[in-house]
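One structure is given here, and the rest of the page talks about it.
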Amino acid sequence: MKINIVVIGKYIIDGYLCSRGFQFSIISPRVFIGGAGDIFHGGGEAADLSQPIDVALLDATVSAFYGTGSKEERAAADHILRDLQNNPEMWLQVVHILSNTQSLNTKFFALQVLEGVIKYRWNALPAEQRDGMKNYISEVIVKLSSDEVCFRRERLYVNKLNIILVQILKHEWPARWRSFIPDLVAAAKTSETICENCMAILKLLSEEVFDFSRGEMTQQKIKELKQSLNSEFQLIHELCLYVLSASQRAELIRATLATLHAFLSWIPLGYIFESPLLETLLKFFPVPAYRNLTLQCLTEIAALSFGDFYNVQYVKMYTIFMVQLQAIVPPTTNFLDAYANGNRGAGLHSKLGIVFHIILQDDILVPGCNSHIRVLESSQENISALLLGLEYLINISYVDDTEVFKVCLDYWNSLVLELFEAHHNLENPAATANMMGLQMPVLPGMVDRLGSQIMQRRQLYAGPMSKLRLLMICRMAKPEEVLIVEDENGNIVRETMKDNDVLVQYKIMRETLIYLAHLDHEDTEKQMLKKLSKQLSGEDWTWNNLNTLCWAIGSISGSMMEEQENRFLVMVIRDLLNLCEITKGKDNKAVIASNIMYVVGQYPRFLRAHWKFLKTVVNKLFEFMHETHPGVQDMACDTFLKIVQKCKRKFVIVQVGENEPFVSELLTTLPATIGDLEPHQIHSFYESVSHMIQAESDPLKRDEFLQRLMELPNQKWAEIIGQARQSVDFLKDQDVIRAVLNIAVQVKRETLKLIETFLDKAEDQPHIGKQFVPPMMDPVLGDYARNLPDARESEVLSLFATIINKYKATMIEDVPRIFEAVFQCTLEMITKNFEDYPEHRLKFFSLLRAIATHCFPALIHLSSEQLCGVISNFVSIIWAFRHTERNIAETGLNLLLEMLKNFQASEFCNQFYRTYFLTIEQEIFAVLTDTFHKPGFKLHVLVLQHLFSLVESGGLTEPLWDVATVSYPYPNNGMFVREYTIKLLSSSFPNMTTTEVTQFVNGLFESRADLSSFKDHIRDFLIQSKEFSAQDNKDLYAEEAAAQRERERQRMLSIPGLIAPNEIQDEMVDS
């Protein structure tokens, strides 16, 4: 069926129908746009690929898609183009389209079609088709880049062709195109514009192999391409040197420098240090047109690890670079003004920051590697150049540009860490020697010499480190706890959204400042107190200056000795309180209040040791709770909670000079204290007081405090009940109904949580389990089973999961009762879709996992009806790990693993696996290759490893195939599963050949005993199947990343102050 519409003056595509049975036509004075079939000569209902495509009609369709016409017109064009793109034979028309169109958008459309074929189907194409396309693309590139005018005009098109060629190379080179590099170099020597484009191709190739290969190619393919590039780099090296020495064309020189930058990180070092390359690069640095690219190249060279072999060349490079830099940007330059004014120094800041970062880096992660900065410490002349470089970097660090500062900060963090580690390891001579690159046994006489060398190094860097402390103080990022910020209009407001970049920056700056504090506590304290005195005098008073200073003071908590910290903090808090008294203006006072609260919240150790200060601070927080300036009350409540959690015991004992515990005094004035707080703030306040009461060891006093705390809410409840008794109509008020329902639901939920917490913490487990649990089962489970779905409390599921996890096998007899009450009714609630009852979903599967882990025999001994229900609803577990909510999917996968292991050891092993083995394998492969489920990769691998190990172990004594319908008698289950898996994956991934799939499946069986190899094998398959792209594969390596994070945390715990006292999970018992 065809719909034709005549339009005057513009295109309108009407009657847009999604069904492919309809075609669309536009008849205008100039253009006809048809359905996918109409674009081919002969029209018709389907695309006739035996005839060349009508390029004019395709141009019109593409033009309509990118045009400014109606929404319907673009939608219809989009539908037609999608039909064409999805046609598996469409790529055969690419050469015809490229040869006959002048439209750049149409060319890009054709190349997009071709790119899909290269990515997914290239190896499945006949050799003559692959060679034909490869040769055509090469010829077009050479033709377009031979003429400079054409090359500049068609640059976007040529760039896309280059990308297509590199995609082909990833399949063809080196095995089927061994002459590629020689051919390319030979072509580059025929013309400067061809040479410029050849440089672009080489750059793309290097980036694809070395930068973007992870997640795009298998490990074996990456290794093969790297070896080929290394072995043939001599030709490329000679070409680059020839161009840089002989060419006068700026575009070609820039292209060559960009290509070198892509290659320098991996080429053999001899090509850099034993050739004229380094000297040539340094000649280009003073030339403005090439300066940034040259800096990038020097950065790559400086980042290389080369031991002691090229120290002379390295020092020469640095000294020449510094001489040239001083001529370009004199040391006296004010970088802050230069950047603000945009003069000649400004454009260099980011690149200079990077190059100094790399040139002066100290690689403490490579034992025995004589790092760059140590080479420059070898003579007085070199030391002068080194200190000058550090001075440049400090000045650059003050530039008001976040990206520039990040680069500089990374370097400062690495340098200060190295200096601190050497200082910190003085008591461990072997570690110190290793840090300094000495791989030898440490003799007793060496210890003093090592210590002396370390002290000399500290002295050498004392000046730059003092300037760096001031820099960190002046530019300290905002911590997460601070809720009061200055907006773009200069007003003080409550922060509405966290800036993750700022939080990351704060973490690095805090770590750096703590290392600096350890290196010289006196200088750190001196600089901070000096800055604070300038705030009091008004000499340096600004909101930003006070903020960064206080954030810096709070960030070094725990890094000083207790006595020094006490003395320091007394002066800081005293000055801040004085500043708050003498400063006028609500905004000013809000800023000071925010900083006081932040600082005191970071020093619980000090507050525990100084009751009067603690009481003064808490009373000040109570004052701030009446301050209605946005954010002040929230921050006051947050800080109060933080302080109470770490100092709670101090509030329940009678302190010297006091008549009663502070908590008693607080409860007396409670109504007035919370009078101006919002409901969520009152909840936080009550939580804080509850922590205090918890610290009271006398049960009678604890009960008294608790009763006094609850007087206000109990009084409110009593008022509601009293008025309801007088008139039932009172309960019809919407606000009253809402309040009563909220209280009832909360009471029910919190009661269940209270029971759960009590049982979880109970010490006399068997007694509690036998005496306490049975009586509550009927009211709790019965209420859950009888209620409407919306009234069922998910905490019931959580409670019984906790009970089973706590009392384990002693609960076996009660499992049938639990099952009867919750299983079927909960399953009906959560299997209708993926959105309803999210809390019930997670807690239901957590309960099932607890039962499978600790009470599996109870499942086996369920009544036949219940057991059939469990087995028939095994699909609910599959449904769980299909869920896109990460925690639900992980719970389902963990439950699946428990069930698989338990059924393997049970008498129902054959029955269970015969029913579900193939279903589980199919479903696991489905989620494994679904990008929405990448976070579950580790568990997907464990399930597959279990399945393949099981069939090879001989644990299944009955066939997994249906003997009644499968005529072929497989010798064992292993052979059957191999063949089934090959068929499953071959049908799911038509872009992979049968040979590739077979190799993968055989690899699964061969590597099943080694989890690491098994995991790597599956990663390669995901890349080879093209299901995952390079930019989103971090979840495939999540397990390794988690292990690295834990190692980093253990390192941080060993350094005082590096983890803030408030972040350390301990009891913090008050003395």
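Of the heavy-atom accessible surface of segment 94-227 (probe 1.4 angstrom), what whole percent is carbon and sulfur?
In segment 94-227, the share of accessible area belonging to carbon and sulfur is 52 percent.
Can you give the extra length, in nm with one decimal, that the chain gains between GLN1044 and ASN566 once fully stretched, where that is 0.36 nm per residue apart less the Cα-Cα distance?
168.6 nm
Taking LYS832 as the anchor, which lysines have their alpha carbon closer than 22 Å to its alpha carbon, excluding any fewer than eight residues away along the same chain?
LYS843
Can you work out the accessible area per residue across segment 82-150, with the rest of the protein chains kept in place, probe 1.4 Å, in square angstrom?
Accessible area per residue: 48 Å².
So, in nm, how far is label GLU539 from label LYS701 when the simple model puts each one 7 Å beyond its Cα toward the Cβ?
Each label point is offset 7 Å from its Cα along the Cβ direction, giving 4.9 nm.
Hey, with R₀ at 60 Å, roughly what FRET efficiency would ASP836 and GLU381 work out to, going by the Cβ-Cβ distance, to 0.05?
E between ASP836 and GLU381, to the nearest 0.05, is 0.20.
Report in % the part of the accessible area of segment 292-333 that belongs to carbon and sulfur, leaving out ligands and nucleic acids; probe 1.4 Å.
Accessible surface attributable to carbon and sulfur in segment 292-333 totals 62 percent.
Would you give the gap between the C-alpha center of segment 259-302 and the C-alpha center of segment 998-1026, rounded to a whole Å?
Between the Cα centres of segment 259-302 and segment 998-1026 lies a distance of 40 Å.
Mind checking which aspartates and glutamates have their Cα closer than 20 Å to the Cα of LYS143? Skip sequence neighbours fewer than 8 apart in that chain.
Counting by Cα, and skipping residues close in sequence, LYS143 has these aspartates and glutamates nearby: ASP131, GLU154, ASP183, GLU192, GLU196, GLU251.
Round to the nearest 0.05 the FRET efficiency obtained for THR995 and SER949 when R0 = 35 Å and r is the Cβ-Cβ distance.
Efficiency at R0 = 35 Å is approximately 0.90.
Heavy atoms only, probe 1.4 Å: what % of the accessible area of segment 807-948 goes to carbon and sulfur, would you let me know?
Answer for segment 807-948 is 51 percent, counting heavy atoms of protein chains only.
Just the accessible area per residue of segment 546-681, please: how many Å² with a 1.4 Å probe?
Each residue of segment 546-681 exposes 37 Å² on average to a 1.4 Å probe.
Which entries in LYS526/LYS620; LYS806/LYS938; LYS170/LYS901; LYS406/LYS526 show an alpha-carbon gap greater than 32 Å?
Over 32 Å apart, Cα to Cα: LYS170/LYS901.
Send over a whole-number figure in Å² for the accessible area per residue of segment 691-816, probe 1.4 Å.
For segment 691-816, the per-residue accessible area is 63 Å².
Can you grab the distance from the C-alpha centre of segment 152-169 to the C-alpha centre of segment 794-859, Å, no decimals?
When both Cα centres are located, 58 Å separates them.
With all protein chains present and a 1.4 Å probe, how do ASP523, ASP790 order by accessible area, largest first?
Highest to lowest solvent-accessible surface, that is ASP790, ASP523.
How much length, in nm to one decimal, is gained on full extension between LYS753 and GLN234, taken as 0.36 nm per residue of separation minus their Cα-Cα distance?
Length gained, LYS753 through GLN234: 179.8 nm.
Note down the nm distance, to one decimal, between modelled labels 7 Å out along Cα→Cβ at TYR242 and at SER452.
Each label point lies 7 Å from its Cα, and together they span 5.7 nm.
Within segment 159-174, which residues have the backbone N less than 12 Å from the label spot 7 Å out from ASN100 along Cα→beta-carbon, could you tell me?
From segment 159-174, the list is empty.
How many nm separate the modelled label positions at GLN459 and ALA186, each set 7 Å beyond the Cα in the direction of the Cβ?
Between GLN459 and ALA186, the simple spin-label model gives 6.6 nm.
Can you return the lysines within cross-link range of LYS531? Criterion is Cα-Cα under 19 Å, with same-chain partners fewer than 8 residues away left out.
LYS531 reaches LYS467, LYS478, LYS589.
For THR332 and SER146 in one chain, what is 0.36 nm times their gap in residues minus the Cα-Cα distance, to one decimal in nm?
Gain on stretching THR332 to SER146: 62.1 nm.
The values are calculated or read from the model by the stated rules, or taken from the named source; none is laboratory data. None of the values given here were measured: they were computed from a predicted structure. When we count neighbours, we look across all protein chains shown, and the Cβ atoms used for this are built from the backbone with ideal geometry, even at glycine. We work out accessible area using only protein heavy atoms, side chains counted, and drop any ligands, DNA or RNA first. Shrake-Rupley method; radii C 1.70, N 1.55, O 1.52, S 1.80 Å.
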